[in-house]
1. Could you please give the count of residues in the stretch 80-93 that are of a type in the set (A, V, I, L, M, F, W, C), open to solvent by less than 30 Å² (accessible area, probe 1.4 Å) and part of a loop (DSSP other than H, G, I, E, B)?
2. Check the stretch 43-64 and report whether any residue there is assigned to a loop (DSSP other than H, G, I, E, B), over 18 Å from Gln19 (Cβ atoms), among the small types (Gly, Ala, Ser) and modelled with pLDDT of 95 or more.
3. Across the stretch 2-21, what is the number of residues that are open to solvent by 50 Å² or more (accessible area, probe 1.4 Å), modelled with pLDDT under 95 and part of a helix (DSSP H, G or I)?
4. When the residues of the stretch 94-125 are narrowed to those that are among the aliphatic types (A, V, I, L, M) and closer than 14 Å to Ala35 by Cβ, which ends up surrounded by the fewest Cβ atoms within 10 Å (Cβ to Cβ)?
5. Go through the stretch 16-75 and count every residue that is farther than 19 Å from Gln99 by Cα and touching a residue at least 40 places away in the same chain (Cβ under 8 Å).
6. Taking into account only those residues within the stretch 126-140 that are under 13 Å from Phe104 (Cα atoms) and not hydrophobic (A, V, I, L, M, F, W, C), which is most open to solvent (accessible area, probe 1.4 Å)?
7. Restricting to the stretch 65-78, and then to whatever is surrounded by 16 or more Cβ atoms within 10 Å (Cβ to Cβ) and not in a helix (DSSP H, G or I), can you tell me which residue is farthest from the chain's Cα centre (by Cα)?
Amino acid sequence: MLPKCLACAVAELVAKCLQAREMAYCPYSGFPVGAAILTTGGAIVTGCNVENASYGLTVCAERTAIQRAVAEGYRRFTAIAVTCDIKDSFVGPCGACRQVLMEFGTEWDVYLTKPDGSYRKTSLRDLLPLAFTPAHLQKN
């Protein structure tokens, strides 16, 4: 079930992404990132970045959260909150993560969250305009 109010859902989503950041495995970059995804049914699934000595095998927090959500049976999402340790600006997902999120819908709310819990709301469509989506692969 969705929380009774949108503000409550956003507050919980932001809190969960901040908690997820604390779990990041980032011994090479020292750049912890946390993400929390809100499903259409109201569940929240979290992820953190997991680095690897072979840098190309590193997985971002947003993709970790999506993969975890899919593995748990979720396919429909409404929002994601993302955070890192940068205090003076709002930081968005990398391009690869934006594309992966787009796989599961274009109408996501995205909450770019600072370490103090303040956030800026934007949308996935704004972060990745003119995106390539599954709709492009449908036969005419």
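The values are calculated or read from the model by the stated rules, or taken from the named source; none is laboratory data. These figures come from a predicted structure and were not determined experimentally. Glycine also receives a Cβ, built like all others from the backbone with ideal geometry; neighbour counts cover every protein chain displayed. Accessible surface areas use protein heavy atoms only, side chains included; no ligands, DNA or RNA. Shrake-Rupley method; radii C 1.70, N 1.55, O 1.52, S 1.80 Å.
1. 1
2. yes
3. Qualifying residue count for the region: 3.
4. Of the stretch 94-125, the ones among the aliphatic types (A, V, I, L, M) are 96, 100-102, 110, 112, 124.
Narrowing the set further to residues that are closer than 14 Å to Ala35 by Cβ leaves 96, 100-101, 110, 112, 124.
Details: Ala96: 11, Val100: 17, Leu101: 26, Val110: 25, Leu112: 20, Leu124: 23.
Ranking the qualifying residues of the stretch 94-125, first place goes to Ala96.
5. Final tally of qualifying residues: 9.
6. Initially, the stretch 126-140 is screened for residues under 13 Å from Phe104 (Cα atoms), giving 131-135.
Within this subset, residues satisfying the condition of being not hydrophobic (A, V, I, L, M, F, W, C) are 133-134.
Numbers: Thr133: 22, Pro134: 51 Å².
Top of the filtered list is Pro134.
7. Taking the candidates together, the pick is Tyr74.
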